[in-house]
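What follows is one structure encoded as structure tokens, with my remarks underneath.
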Amino acid sequence: MGLVAEAVHSGGGHVLGIIPRALIGKEKTRETIGELNIVADMHQRKAEMSRHSDCFIALPGGYGTLEELLEVITWAQLGIHDKPVGLLNVDGFYNYLLTFIDKAVDDGFIKPCQRNIFVSAPNASAR
């Protein structure tokens, strides 16, 4: 995320980092770029990220990224927000997740119209 923050900042964009107090010193961090808000916990972090975001884009990542992605998709499904959700599927990183979601649609666990809550693309180039 540091490289993304640097690029946004260099391009004149606003960078806002939100970190729970418990993760300070535990997360791999670089020099702070832009604004940094320290919050009580992960629940407050996600609420603040949602409040300040115009959209959500997931890059390849681990459990935390996956959990946050599925939560914003679920929030959209429940009507909590109507912001765009994107998945940056670099080098097919999320192919198995996309296959799983398609299987959940096929098996009736996800409504077909809800499959379109998010979009995925292999890169960030404009179409």
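The values are calculated or read from the model by the stated rules, or taken from the named source; none is laboratory data. Just so we're clear, the structure is a prediction, and the values are computed from it rather than from any experiment. All Cβ positions, glycine included, derive from the backbone under ideal geometry; neighbour counts span all protein chains shown. Remember, those area values only see protein heavy atoms, side chains included, never the ligands or the DNA or RNA. Shrake-Rupley method; radii C 1.70, N 1.55, O 1.52, S 1.80 Å.
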Check E67, E48 and return the single one that is in a helix (DSSP H, G or I), open to solvent by 60 Å² or more (accessible area, probe 1.4 Å), farther than 16 Å from L3 by Cα and modelled with pLDDT of 90 or more.
E67
Filter segment 105-122 for residues that are among the charged types (D, E, K, R) and in a helix (DSSP H, G or I); the one that is surrounded by the most Cβ atoms within 10 Å (Cβ to Cβ) is R115
Need the failing condition index for P60 against (1) in contact with a helix residue (DSSP H, G or I) (Cβ under 6 Å, 6 or more places away or on another chain); (2) open to solvent by less than 40 Å² (accessible area, probe 1.4 Å); (3) closer than 17 Å to A121 by Cα, just the number.
(2)
Filter result for G13 (at pLDDT below 90, in a strand (DSSP E or B) and at negative phi)
no
Yes or no: D54 surrounded by 10 or more Cβ atoms within 10 Å (Cβ to Cβ) and at pLDDT 90 or above?
no
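How about segment 51-64: which of its residues are assigned to a helix (DSSP H, G or I) and without any contact (Cβ under 8 Å) to a residue 24 or more places away in the chain?
Here is the first cut: in segment 51-64, the residues assigned to a helix (DSSP H, G or I) are 51-52, 63-64.
Within segment 51-64, R51, Y63, G64 qualify.
E6 - would you say it is over 23 Å from C113 (Cβ atoms) and surrounded by 13 or more Cβ atoms within 10 Å (Cβ to Cβ)? Reasoning before the result, please.
Values: over 23 Å from C113 (Cβ atoms): yes; surrounded by 13 or more Cβ atoms within 10 Å (Cβ to Cβ): yes.
Criteria met by E6.
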V90 passes all but one of (1) surrounded by 12 or more Cβ atoms within 10 Å (Cβ to Cβ); (2) touching a helix residue (DSSP H, G or I) at 6+ places or on another chain (Cβ under 7 Å); which number fails?
(2)
Confirm whether I80 is open to solvent by 30 Å² or more (accessible area, probe 1.4 Å), in a loop (DSSP other than H, G, I, E, B) and within 25 Å of A121 (Cα to Cα).
yes
